[in-house]
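The values are calculated or read from the model by the stated rules, or taken from the named source; none is laboratory data. Source: prediction; values computed, not measured. All Cβ positions, even for glycine, are placed from backbone atoms using ideal geometry, and neighbour counts span all protein chains on display. Quick note on the areas: whole protein, heavy atoms, side chains included, nothing else; ligands and nucleic acids left out. Shrake-Rupley method; radii C 1.70, N 1.55, O 1.52, S 1.80 Å.
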Amino acid sequence: MNSILRALLISLLVSLPLTANAELPALDFEYSVSKNDFRLGSTQRQLKQTGDNDYTVQALTKAEGVAALFVSDTVRETSRFQLIEGRIQPLHYRYHKDGKDPETFEVDYDREAQLLRHSRLDETPPLQENDQDLITFQLAMMRDLQQSVRKLEYRIADKKRIENYSLIPRGEKVFDTEMGKLHTVVMEYYDQKRNRTYTFWCAKELDYLPYQSRRIDDDGDTITLKLSRYNGKSL
């Protein structure tokens with residue numbers, strides 16, 4: 001169960017809605033996490049503005065229900081970033097898992113030296129325009145979708161590596177929710193190295209916030225995140 005939760009946290013992180021030409025609003029929302037239709041727990045996100053162009057996302061993921069009997073770990077993440085001329089620019093990302101096998105790593109986006117520094121990697125590559133961390137990449141995805149960009153390219157630093165990711169459109173789908181109908185654009189990424197498929201259903205009514213995200217592994221196992229609470233409203 002620990003490996004499942006860890007893989008989920010690294011691979012399927014949720015995002016925060018934003019408008020194309022404005023400051024980002026303070027937000028508080030939650031996703032339900034499941035594997036093969038079995039509920040594992042929840043992941044919560046809070047976005048706050050900490051300066052003129054500076055923002056912080058605090059994230060907490062934990063097991064709930066029956067899964068909590070087997071997995072007692074909680075994962076806390078912090079992402080600091082700037083909004084410069086409409087672009088999301090990550091500054092620092094920190095991941096910490098407590099419990100039986102604690103784990104921590106950090107990624108620093110040194111804007112002065114123009115270098116990416118990863119606490120677990122020896123390499124310090126130059127920064128690129130499309131660099132994002134495990135949280136801000138979906139902020140960037142949402143902004144691109146708002147601007148009608150439909151082929152998305154990002155370089156993302158995760159726990160073990162720094163890799164390029166390409167998402168392509170796969171049509172649209174409508175969901176009936178307690179908030180009404182949500183019209184989503186379906187974005188997909190296929191990881192050839194690991195034979196995994198990632199899919200995001202990005203809701204137009206929520207500034208392209210993913211209403212649902214899914215990862216399918218090579219053995220058929222499916223991990224799903226589904227929006228369950230949005231600024232105090234239940235879905």
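Some notes on this structure:
- Under 21 Å of direct C-alpha separation, and excluding same-chain neighbours fewer than eight residues apart, Lys100 reaches these lysines: Lys62, Lys159, Lys160.
- Of all aspartates and glutamates in the structure, those lying under 15 Å Cα to Cα from Lys97, and not within fewer than 8 positions of it along the same chain, are Asp73, Glu77, Glu106, Asp158.
- A Gaussian network model of the chain, with springs between Cα atoms under 10 Å, assigns the largest mean-square fluctuation among Phe200, Phe81, Phe175 to Phe175.
- Highest GNM mean-square fluctuation among Glu30, Glu106, Glu205, for the chain modelled with Cα contacts below 10 Å: Glu205.
- Global geometry of region 136-235, whether rounded, prolate or oblate, following the gyration tensor of its Cα atoms and the 1.5 cut on a/c: prolate
- Per-pair calculated FRET efficiency, R0 = 22 Å: Arg161 and Ile84 via Cβ, rounded to 0.05: 0.25
- P(r), alpha carbons of the chain - 10 Å bins starting at zero, rounded %: 7, 33, 40, 18, 2
- Rounded percent of accessible protein surface that carbon and sulfur make up, region 127-235, 1.4 Å probe: 41
- Shown is the FRET efficiency for Lys151 and Asn195, computed with R0 = 30 Å from the Cβ-Cβ distance and rounded to the nearest 0.05: 0.85.
- Ligands, DNA and RNA aside, Ile162 has an accessible area near 40 Å² when probed at 1.4 Å.
- Reachable lysines, given that their alpha-carbon falls under 25 Å from the alpha-carbon of Lys173 and they are not under 8 places away in the same chain: Lys35, Lys151, Lys181, Lys204, Lys226, Lys233
- Computed over protein heavy atoms with a 1.4 Å probe, the accessible surface of region 66-153 works out to 50 Å² per residue.
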